[in-house]
Ligand code: SF4
């Protein structure tokens, strides 16, 4: 990326894990509407489940997740009791016992659960739903809280993929983000995962962290690659201290400037490709035989609230405080405050407090943005006509791409768009051109890179 463009495109745009994006969810969708939507789902559609475990043992200062810190297990046990009740209520509201193809434990820290509660949760899911034999069961794993007994329980329960949070191996960076995780701790947990037979391992890295240099990041990339995980995610740190107060503990002056962030992204991407990883979308890298690399090659890659995914299930049910779901009718989000979430569930109500119903125009634009984010190219005419619209449906918006085209970020051939290699980090900015909800200055988002 040319250094002059690095500063020019310090844009703040949504991450497009949904369309419309979460800031546009509102109180018009609550528990009653969610119940109606659940009841109206085609019982033959496969489901995907997301369980949000909203607790961590300690706050990492870079964290952008919805989590609460606890040193005791009682609040976690109490929370899980509510998640189990919620799962039963939702299963009851569905028109039939349905099949599940994908289960994701996110957070927070799923590894804060006791091994017994983790297994009990999986057992309950199997009681309530028909979990496909080949279902992916993925767990976000914090090596600092996962002990050997936990990893063994995960393997026994049928977990197929563990995503290990590493961020950076450099001690100075770890101190600056309040996440001390010696290399040996990560190494030990990977040994256990392989020993007990969890087949797929992901490693999550972050660039743009305090005190991170291009060289220190490349060193982290090399050390991560040495474990030969099937996937590596490389996310850009989103510094939003006006939204996440604990990020104020990271002084602005310790953060890499925009050109350095670009260089980190560029060089780390090239290094991962040198190591044989295939870039998938903006921030994922997969070994060529991994399901995500295959999905990319076959234009089957998708994007949901966890980012890039191979999950094709048309219904995603979210559980836990702040859990988000995606249904054919629209998006739903649970109450985020843990106490309020628990109170609603205990009172026998679903905890949905926000959401948005989809219009046909939303579905069309969602499809366009998903293809652009996943394939880094899109045929506007083909998308429009597949939704019964005229081929020129998006023509009026094309002039807004002129600046990005002139700078070589995107190439337009008729109604086909292709993001260039330089433009890859700016795919969100191209997607934003087609976002009808975006009004300049209305929302503050993280940097595009
Ligand atoms: S472990 Fe993960 S979710 Fe918990 S505070 Fe750290 S980054 Fe956030």
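The values are calculated or read from the model by the stated rules, or taken from the named source; none is laboratory data. Worth saying up front: this structure is predicted, and the values here are computed from it rather than measured. As a convention, Cβ positions derive from the backbone with ideal geometry for all residues, glycine included, and neighbour counts pool all protein chains shown.
Here are some notes:
- The single condition from (1) more than 28 Å from residue 139 (Cα to Cα); (2) at pLDDT below 95; (3) surrounded by fewer than 20 Cβ atoms within 10 Å (Cβ to Cβ) that residue 244 fails is (1).
- Only one of the numbered conditions (1) farther than 24 Å from residue 421 by Cβ; (2) part of a strand (DSSP E or B) is violated by residue 205, and that is (1).
- The requirement of being closer than 27 Å to residue 41 by Cα and surrounded by fewer than 21 Cβ atoms within 10 Å (Cβ to Cβ) is satisfied by residue 384.
- Residue in the range 181-196 that is at pLDDT below 95, touching a helix residue (DSSP H, G or I) at 6+ places or on another chain (Cβ under 7 Å) and surrounded by fewer than 22 Cβ atoms within 10 Å (Cβ to Cβ) present: no
- Test result for residue 53, surrounded by 21 or more Cβ atoms within 10 Å (Cβ to Cβ), at pLDDT 95 or above and within 16 Å of the ligand (Cβ to nearest atom): yes
- Exactly one residue among 218, 234, 209 is at negative phi, in the same structural domain as residue 264 (by TED's automatic domain parsing) and more than 16 Å from the ligand (Cβ to nearest atom), and that residue is 218.
- Hey, residue 306 surrounded by fewer than 21 Cβ atoms within 10 Å (Cβ to Cβ) and under 15 Å from residue 51 (Cα atoms) or not: yes
- Meets criteria (more than 23 Å from the chain's Cα centre (by Cα) and either farther than 17 Å from residue 62 by Cα or within 16 Å of the ligand (Cβ to nearest atom) (or both)) for residue 200: no
- Candidate set: the range 96-117, residues that are part of a helix (DSSP H, G or I) and away from the ligand (no atom under 16 Å from the Cβ); chosen: the one surrounded by the fewest Cβ atoms within 10 Å (Cβ to Cβ): 116
- Wholly within the range 312-416, strands (runs of 3 or more DSSP E) carrying at least 1 residues that are at pLDDT 95 or above and in the same structural domain as residue 87 (by TED's automatic domain parsing): 315-319, 324-327, 330-334, 352-357
- Residue that is surrounded by the fewest Cβ atoms within 10 Å (Cβ to Cβ) [pool: residues in the range 166-180 that are assigned to a helix (DSSP H, G or I) and within 16 Å of the ligand (Cβ to nearest atom)]: 175
- Filtered by the rule that a residue be farther than 13 Å from residue 108 by Cβ and within 16 Å of the ligand (Cβ to nearest atom), the range 138-150 gives 138, 143, 144, 146, 147, 150.
- For residue 135, the conditions (1) without any contact (Cβ under 8 Å) to a residue 40 or more places away in the chain; (2) within 16 Å of the ligand (Cβ to nearest atom); (3) under 21 Å from the mean Cα position of the chain (by Cα) all hold with the exception of (2).
- For residue 47, the stated conditions do not hold, so it cannot be described as at pLDDT 95 or above, touching a helix residue (DSSP H, G or I) at 6+ places or on another chain (Cβ under 9 Å) and either buried (at least 21 other Cβ atoms within 10 Å of the Cβ) or not assigned by TED's automatic domain parsing to the domain that holds residue 246 (or both).
- Hits in the range 118-157 - residues which are under 21 Å from residue 338 (Cβ atoms) and surrounded by fewer than 20 Cβ atoms within 10 Å (Cβ to Cβ): 120, 124, 145
- When the range 56-75 is filtered for residues that are free of Cβ contacts under 8 Å to residues at least 60 places away in the same chain and within 13 Å of the ligand (Cβ to nearest atom), the ones remaining, listed by number, are 65, 67, 69, 70.
- The condition of being in contact with a helix residue (DSSP H, G or I) (Cβ under 8 Å, 6 or more places away or on another chain), surrounded by fewer than 20 Cβ atoms within 10 Å (Cβ to Cβ) and outside the structural domain of residue 377 (by TED's automatic domain parsing) holds for only one of 287, 272, that being 287.
- Members of the range 275-289 found to be in contact with a strand residue (DSSP E or B) (Cβ under 6 Å, 6 or more places away or on another chain) and farther than 24 Å from residue 333 by Cβ, listed by number: 277, 278, 279, 280, 284, 285, 286, 288
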